[in-house]
1. What is the distance, in nm, between label points placed 7 Å from the Cα along the Cα-to-Cβ direction at residue 120 and at residue 52?
2. How would you rank 66, 114, going from fewest to most other Cβ atoms within 10 Å of each one's own Cβ?
3. Tilt of helix 115-145 relative to the longest C-alpha principal axis of the chain, in degrees (0 to 90, nearest 10)?
4. Between 67, 93, 102, find the one with the highest GNM mean-square fluctuation for the chain; connect C-alpha pairs within less than 10 Å.
5. What angle do you read, to the nearest 10 degrees and between 0 and 90, between the alpha-carbon axis of helix 20-42 and the longest principal axis of the chain?
6. For the chain, what is the mean residue ellipticity at 222 nm derived from helices alone (per DSSP H run of n ≥ 4: -39500 (n - 2.57); sum divided by total residues; nearest 500 deg cm²/dmol)?
7. For the stretch 14-145, what's the relative contact order in percent, using C-alpha pairs closer than 8 Å and at least 6 residues apart?
8. In the stretch 25-55, which residues have a backbone nitrogen under 19 Å from the label point lying 7 Å from residue 76's Cα in the Cα-to-Cβ direction?
């Protein structure tokens, strides 16, 4: 009896055939485009500038600040972007030093934070789910191709 033979319930099969590909897709979709920008911000790279808080959107568990970002040299500007790793106690109109590293929806506060770690976890989770799903797929194909033993 192998490790793979322990997965026999319909809930487990549903998770393996539907859940893993969905987890992989979500991990890659939400993580890959911002992985490099998040690591660059963590290293202090990117275009230095100022984020001006305009509005705060709050969900059930967290709040997100949106606003405008302008490069310190006066060149680039971005409007209605998210401030990742915002400082505690932000208020509308407050200005914070931030870096634009090319993230699709926002800029990163110079104070730093854990966004880079969260995005990395999404991508690693998607990668692990992809590898597991491929292993289960290969195993299922091999089982179908193997002839049944003669009785």
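1. Each label point is offset 7 Å from its Cα along the Cβ direction, giving 3.5 nm.
2. On the way: 66 17, 114 13.
Least to most surrounded, the residues fall as 114, 66.
3. 20 degrees
4. Of 67, 93, 102, the Gaussian network model singles out 93 as fluctuating most.
5. Helix 20-42 sits at roughly 30 degrees to that axis.
6. -13500 deg cm²/dmol
7. Reported as a whole number, the value is 34 percent.
8. Residues 32-53 qualify, since their backbone N sits under 19 Å from the label point.
Just so you know, all these numbers are worked out from the coordinates, no wet-lab data involved. These figures come from a predicted structure and were not determined experimentally. Every residue, glycine among them, receives a Cβ derived from its backbone with ideal geometry; neighbour counts consider all protein chains shown.
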